[in-house]
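Accompanying notes for the structure given below.
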Amino acid sequence: MQVLITGAGGFVGSHLVDFLRRREPRARIHGVLKPGSTPLLGSWEDVSAIEADLEDAAAAEAAVAAARPDRIVHLAAQSSVQQSWRDPAGTWRANVMGLLNLLEAVRRLSLSPRILVVGSSDEYGRVDPEALPIREDAPLRPHSPYAASKAAQGYLALQYALGHHLGIVRTRTFPHTGPGRGAAFAESSFARQVAEIAAGRARPVVRVGNLEVVRDFTDVRDVVRAYWALLDKAEAGSVFNVCSGKGVRLRELLETLCALGGVEVEVVVDADRLRPTDVSALIGDSTRLRRVTGWEPEIPIERTLGDLLADWRERVAAPVSDDLR
């Protein structure tokens with residue numbers, strides 16, 4: 001089996017590579033990396049690295065031609081909501097044109113792989129409390145350039161599934177975290193700051209954005225299991241929420257991390273961490289995913305946060321901190 005993973009060197013991609021090593025040891029993994037980048041986690045001795053900028057149609061086609069994949073997991077994206085406000089055009093190029101070039105490459109090469117296109121729960125936007133948990137048939141009301149780009153990406157994937165009969169399955173994945181998560185994301189920023197305070201490298205002050213929002217977090221290691229199960233069992237053209245079905249307030253995540261780190265902190269709201277718009281609650285309904293695949297989340301949020309904090313303790317203790325992780 002030939003497996004092509006775009007964004008393979010990133011947070012989710014690295015965990016997917018690790019999962020496939022255990023689950024599909026005979027699979028040949030081809031990982032697409034942006035030129036000049038390096039994988040986030042682990043060794044790539046058994047991964048065929050392909051440098052390609054998917055915004056370049058010729059580069060995307062060359063990557064697909066090199067792998068001739070039986071399965072594609074499309075993870076490459078500009079995934080920061082904050083960054084999307086600063087650079088909406090770049091976000092749309094990465095998230096929409098990157099996918100368009102990938103799907104056109106598959107079509108032009110007359111290949112028929114199973115393809116997973118990963119979307120975001122942010123596509124749903126603001127949802128009335130009585131409509132929670134959110135099902136896949138809920139209307140899409142994106143509130144940020146990132147969310148709008150992912151909604152467009154999802155519709156583009158659907159068009160290629162219906163119009164070109166490609167075996168595409170889509171997700172709307174809710175927040176997920178775990179070891180290796182970048183500091184640009186709220187819960188990982190909290191973990192980094194707690195690790196620095198616990199190590200005596202920072203004053204006991206944690207800078208935050210809006211702590212009152214409620215999000216549905218799943219461990220990244222459970223998420224990659226769901227992705228592979230969907231490639232195995234889901235019908236082409238279908239869309240699935242990937243989520244735990246449980247909401248947690250960001251304030252509770254911070255309190256848990258402080259308890260795990262054994263620190264007491266002053267919490268300071270940083271205006272630069274607030275978004276122009278914010279959705280108060282996003283909790284998903286994963287009934288469809290569970291019914292089709294039999295998937296269930298296995299890792300509780302307390303273990304996820306503990307592993308995230310342990311990872312940041314190691315990074316903070318390293319001689320040189322890698323802020324790009």
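Read the figures in this text as sums done on the coordinates, not as results from a lab. Note that the coordinates shown come from a computational prediction; the quantities given were computed from them, not determined experimentally. Positions of Cβ are backbone-derived with ideal geometry, glycine not excepted, and every protein chain shown enters the neighbour counts.
Please count how many residues of the stretch 185-237 are among the basic types (K, R) and assigned to a helix (DSSP H, G or I).
Pass one, the stretch 185-237, residues among the basic types (K, R): 192, 201, 203, 207, 215, 221, 225, 233.
Now drop any that are not assigned to a helix (DSSP H, G or I), which leaves 192, 221, 225, 233.
Residues meeting the conditions: 4.
For residues in the stretch 166-184 being outside any loop (DSSP other than H, G, I, E, B) and within 30 Å of L111 (Cα to Cα), which is nearest to the chain's Cα centre (by Cα)?
T173
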| query | Which of (1) out of contact with any Asp or Glu (no Cβ under 9 Å at 6 or more places or on another chain); (2) under 27 Å from R290 (Cα atoms) is the odd one out, the single condition T91 does not satisfy? | reply | (2)
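Give the stretch 187-214 a look and list any residue that's of a type in the set (G, A, S) and in contact with a helix residue (DSSP H, G or I) (Cβ under 6 Å, 6 or more places away or on another chain), or say none.
The answer is A191, A195, A198, A199, A202, G209.
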| request: Scan the stretch 74-90 residue by residue and report those that are more than 22 Å from Y227 (Cβ to Cβ) and of a type outside the set (A, V, I, L, M). | output: Q82, Q83, S84, W85, R86, D87, P88, G90
